[in-house]
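To start, the structure under review is shown below, and the notes come after it.
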Amino acid sequence: MEFSVPQFIEQAPKIVGPLTWRQFLFIGGAVAILFALFFIIKHLILFLFIVILVMGIASSFAFLKVGGRPLFMVLTNFFSFFISSKLYIWRKKRIPPKIITKKEKVGIKKEEIDKISLLKIGEKSRLRDLSTQIETRTK
């Protein structure tokens, strides 16, 4: 049985003319904002300055790519990294080791197996507190 493999899945489909849906939203949103500002701002020079600024920002978001990713995604990742916590502490899960024995072949009593298999790890040990302080560099 043959299956068709999709080609060019990295490319977004062109929805409105040569523009993808995201590009159309950026450019269309900028045009809508400028249309509203046309009736609000009475100075022609100020309006033209705002047109150049808004269309420059909108076209940058729509068409500019940094490292193969859209500028919108790069700025979103930048701000989410800038705001999020930078301290990552890996804590190994404390799981007691399992000892599998067969009662028939092994001549060890059950009390001895319980003493061997249970490792005593203190919940509030000073060593664990010191390791956490070293990892986080706090006192």
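The values are calculated or read from the model by the stated rules, or taken from the named source; none is laboratory data. Nothing here was measured: the structure is a model prediction, and the numbers come from that model. Here the Cβ positions follow ideal geometry from the backbone for every residue, glycine too, while neighbour counts run over all protein chains shown.
Listed values, structure above:
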| quantity | calculated |
| --- | --- |
| Residue within region 83-106 that is loosely packed, with under 10 Cβ neighbours inside 10 Å, modelled with pLDDT of 80 or more and not in a loop (DSSP other than H, G, I, E, B) present | yes |
| Residues of region 44-70 classified as touching a helix residue (DSSP H, G or I) at 6+ places or on another chain (Cβ under 9 Å) and either exposed (fewer than 10 other Cβ atoms within 10 Å of the Cβ) or of a type outside the set (D, E, K, R) (or both), total | 16 |
| Meets criteria (aliphatic (A, V, I, L, M) and either closer than 30 Å to G56 by Cα or modelled with pLDDT under 60 (or both)) for I116 | yes |
| Selected residue (criterion: surrounded by the most Cβ atoms within 10 Å (Cβ to Cβ)) from residues of region 8-43 that are outside any helix (DSSP H, G or I) and touching a strand residue (DSSP E or B) at 6+ places or on another chain (Cβ under 8 Å) | T20 |
